[in-house]
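K.L.:
Please find one structure pasted underneath; my questions will follow.
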Amino acid sequence: MRLGRLLLQLLRELADENAYARHLKARAVPHSPEEWRRFSNTRLAAKYARAKCC
Amino acid sequence: MGLLWVLVWAVVAGAGAFSLGGIALWRHEPVNSIWLIVAAACCYATAYRFYARFIAARVMALNDRRATPAERLRNGHDFEPTDKWIVFGHHFAAIAGPGPLVGPVLAAQFGYLPGTLWIIIGAVLGGAVQDFLILFASMRRDGKSLGQMAREEIGTVGGFTALATVLLIMMILLAVVALVVVNALKGSAWATFTIAATMPIAVIMGLYLRYWRPGKVLECSAVGFVLVLAAIVAGQWVAESPALAPLFTLGAMALAIAIIVYGFLASALPVWLLLAPRDYLSTFVKLGVVVMLAVGILFVRPDLKLPALTRFVDGTGPIFAGKVFPFCFITIACGAISGFHSLISSGTTPKMISKESHASSVGYGSMLLESFVAIMAMIAACVLQPGVYFAVNAPAGIVGAAPAAAVATITSWGFPVTAAQMASLAKDVGERTLFSRTGGAPSLALGMAHIFATTGGGRALVGFWYHFAIMFEALFILTIIDAGTRVGRFMLQDLLGHVARPLGRTSWMPGVIGASAVVVSGWGYFLIEGVRDPLGGINSLWPLFGIANQLLAAIALCVGTTVLLKMHGMKYLWITAAPLAWLVTVTFAAAWQKIFSPLPAIGFLAQADKLEAAMRLHPSAATGTLIFNARLDAVFCGVLLVLVATILADSLRVWAGILRGTRQDPVAESPFVISQLQMEES
């Protein structure tokens, strides 16, 4: 059970869903398509400014 | 440690030593793959329990009472204290690329033994130490990058050299991984259709995530995965359709141009549309396949068909030329030690660690897992019949283009194979031919398909599993290509911005298009060079990539050595100095041979001279291009040598100053702040 929860958390982290939840919490705003797009733009811009490993 | 634990660890260490000794010395019958698994697992466990713990406690003095950057600089984005195992998975997903899969497959031309020993010993004493130490150093310096640390710990020259090396590595990395994809797809309608289909699938995912179900990344990736599986199934229909098959049966040059155009578009398009959804999907597929392969190997426990050592340790190998020393050690980089990991260890990961003690499992442990992936790739390559392995991996320029000539040459090496055997294998996996499919990806896919099909589905599903494996490899290689091109474009725009301000703006379309075109042209040139190379390109490009990657590791170890010297003086210097000395020896020897060896199969300059002599007899523009390319490769290799010699000399100057006491360089760590998280827990 704990392993399953951990696995789900890992998948959510890799999927940036946890980061989005933190973003909503930190700004005390509800989820909306606009908020996701705002978060996603910032997140992806930072993520793809770094090279991916070989 | 109680007596029981002493006994347990004695058994683990003994089992590791026994298995390692067994695979090294046993010659009477085929070795079962489980011996490699046991040897690797026991060595990793022992190293993690004793060596990593020693470094963590005595050398780094990791302290959970000290607040990490994730806690002190918490911002909900990059800096966020995160569960240890989630950071572990995140870090592993970031460091695991095609390197640990392709390198061991190519190095298997020496037999399974040299590569296996290097993967295990290199990871335990070199790669894992480098990743752990750079992660630690970055964590103690507010998550600074390798370049920033090189500049601060060694000097401006060190920082600039690290940046220049990264740019050069990226150029050659993108070219070589693109060549791996080209060689896997050429002449294969099934594989080409499947990979082509992943692009509209990624765009559908991008739109789904942006407009239809914003934020539902897992759900969207599951939809994408189902669509990709459907594309693999549809690929078989396409390959069997007389009308559609010719449309997707492309030659190497057409595929190379398609990938170059793709790289350009992906770099210039908004990331949410193509790059990001593909990246999410490839990350999940990558982790899933690694787990599947581990389960498959444990379930099937196949015998290794390749011998421990082949005749090609003498340097006459068909896949790449050069003796086992130094070429085995640059061919396998990512599974043993990879400089690129130091960029990840000083990137996102140090900003997520909630307790200092987690750095051990994340930094050292993740590298051990990556090394284990390399062992699995070695097994997947070595379960093939040796004749089949060489028929797939040896270029037509060496064994001959006609099947009869190829099997005669390979059989004459002592590895029997027949044209009928190869035709039957190709038919099983739904390909027209498997001869000279260089680059490592097709032979890895064959080995994986064999293991997966034995685990479930049998011979009827070999074709599906083969193309699933090709899809898995190509998917994350293409992600590296588009992300790498984008990063290269940012770096270039950053530089150009100093010349003309608009060129530096990442939102100004002419600047974006121009910089993307320049970067794509850079790696695209090397890719075309590889496609035109009569020996298949991998022969010259993979060693260049290996040398570049190991030289970056040397830079990371120079930074690590400087940090240790400042912390403890000479006391623990051997921890980084030993792998650094080995890497410098290996890479300088390999680079020197690649430039100056009198054998045209190895030395770029000798190759150019040989081609020049041939051109005097039969002048042709194509030969002229090959001569230019050989000299360009020699210059590229030379530049890498000069860069690393520079940082090494600069580091030695700094180290001598510290040891003599003429240089007062304090440890540049962030100030100690008590961890509130730790206090709340306790």
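The values are calculated or read from the model by the stated rules, or taken from the named source; none is laboratory data. All of these numbers come straight from a predicted model, not from anything done at the bench. Note that each Cβ is placed from the backbone with ideal geometry, even for glycine, and that neighbours are counted across all protein chains shown.
K.L.:
Being among the hydroxyl-bearing types (Ser, Thr, Tyr), modelled with pLDDT under 95 and crowded, with 24+ Cβ neighbours inside 10 Å narrows it down to one of B:Thr161, B:Thr156, so name that one.
P.N.:
Answer to the selection: B:Thr161.
K.L.:
Give me the residue from segment B:655-682 that is touching a residue at least 60 places away in the same chain (Cβ under 8 Å) and of a type in the set (Val, Ile, Thr) and, out of that set, surrounded by the fewest Cβ atoms within 10 Å (Cβ to Cβ).
P.N.:
B:Ile674
K.L.:
From the list B:Gly524, B:Gly537, B:Gly484, pick out the single residue that is within 18 Å of the chain's Cα centre (by Cα) and under 25 Å from B:Gly603 (Cα atoms).
P.N.:
That would be B:Gly537, the only listed residue that is within 18 Å of the chain's Cα centre (by Cα) and under 25 Å from B:Gly603 (Cα atoms).
K.L.:
For the subset of segment B:217-255 comprising residues that are among the polar types (S, T, N, Q) and not in a helix (DSSP H, G or I), which member is farthest from A:Leu11 (Cα to Cα)?
P.N.:
B:Ser241
K.L.:
So, B:Leu652, is that one of a type outside the set (Asp, Glu) and either in contact (Cβ under 8 Å) with a residue 12 or more places away in the chain or over 30 Å from B:Asp142 (Cβ atoms) (or both) or not?
P.N.:
Here the answer is no, as B:Leu652 does not meet what is asked.
K.L.:
Can you tell me which residue in segment B:83-102 is nearest to A:Lys47 (Cα to Cα), limited to those that are more than 7 Å from chain A (Cβ to nearest Cβ) and of a type outside the set (Phe, Trp, Tyr)?
P.N.:
Here the residue is B:His91.
K.L.:
Also: Given the options B:Asp131, B:Asp64, name the one that is away from every other protein chain (no Cβ under 14 Å) and charged (D, E, K, R).
P.N.:
B:Asp64
K.L.:
I've got another one for you. Examine segment A:40-50 for a residue that is within 7 Å of chain B (Cβ to nearest Cβ), part of a loop (DSSP other than H, G, I, E, B), touching a His at 6+ places or on another chain (Cβ under 7 Å) and buried (at least 19 other Cβ atoms within 10 Å of the Cβ), and state whether such a residue exists.
P.N.:
No; the residues of segment A:40-50 include none that is within 7 Å of chain B (Cβ to nearest Cβ), part of a loop (DSSP other than H, G, I, E, B), touching a His at 6+ places or on another chain (Cβ under 7 Å) and buried (at least 19 other Cβ atoms within 10 Å of the Cβ).
K.L.:
Taking segment B:209-227, which residues are at the interface with another protein chain (Cβ under 7 Å from one of its Cβ atoms) and either touching a residue at least 40 places away in the same chain (Cβ under 8 Å) or within 27 Å of the chain's Cα centre (by Cα) (or both)?
P.N.:
B:Arg210, B:Val217, B:Leu218, B:Ser221
K.L.:
On to the next question. Among all residue pairs at least 6 apart or on different chains, which show Cβ distances below 8 Å where the first residue, located in segment A:23-39, is more than 8 Å from chain B (Cβ to nearest Cβ) and in a helix (DSSP H, G or I) and the second is among the charged types (D, E, K, R) and surrounded by 13 or more Cβ atoms within 10 Å (Cβ to Cβ)?
P.N.:
Correct list of pairs: A:Leu24/A:Glu35.
K.L.:
How many residues are surrounded by fewer than 23 Cβ atoms within 10 Å (Cβ to Cβ) and either acidic (Asp, Glu) or without any contact (Cβ under 8 Å) to a residue 60 or more places away in the chain (or both) when one looks only at segment B:551-596?
P.N.:
Of the residues in segment B:551-596, 9 are surrounded by fewer than 23 Cβ atoms within 10 Å (Cβ to Cβ) and either acidic (Asp, Glu) or without any contact (Cβ under 8 Å) to a residue 60 or more places away in the chain (or both).
K.L.:
So which residues in segment B:238-291 are of a type in the set (Val, Ile, Thr) and more than 22 Å from the chain's Cα centre (by Cα), if there are any at all?
P.N.:
Result: B:Val238, B:Thr249, B:Ile257, B:Val261, B:Val271.
K.L.:
Please determine whether any residue of segment B:326-347 is in contact with a helix residue (DSSP H, G or I) (Cβ under 9 Å, 6 or more places away or on another chain) and surrounded by fewer than 19 Cβ atoms within 10 Å (Cβ to Cβ).
P.N.:
The answer is no; no qualifying residue exists.
K.L.:
Which ones in segment B:183-197 are assigned to a helix (DSSP H, G or I) and surrounded by 24 or more Cβ atoms within 10 Å (Cβ to Cβ)?
P.N.:
Scanning segment B:183-197 gives B:Asn183, B:Ala184, B:Leu185, B:Ala189, B:Trp190, B:Ala191, B:Thr192, B:Phe193, B:Thr194, B:Ile195.
K.L.:
Can I ask one more? Give all pairs with beta carbons closer than 6 Å in which a residue from segment B:492-520 that is in contact (Cβ under 8 Å) with a residue 12 or more places away in the chain meets a residue that is surrounded by 18 or more Cβ atoms within 10 Å (Cβ to Cβ) and aromatic (Phe, Trp, Tyr); count only pairs at least 6 apart in sequence or on separate chains.
P.N.:
Note: pairs meeting the criteria are B:Ser516/B:Phe264; B:Val520/B:Phe264.
K.L.:
Under 16 Å from B:Gly215 (Cα atoms), facing chain B (nearest Cβ under 7 Å) and assigned to a helix (DSSP H, G or I): is that true of A:Glu13 in this structure?
P.N.:
It is true that A:Glu13 is under 16 Å from B:Gly215 (Cα atoms), facing chain B (nearest Cβ under 7 Å) and assigned to a helix (DSSP H, G or I).
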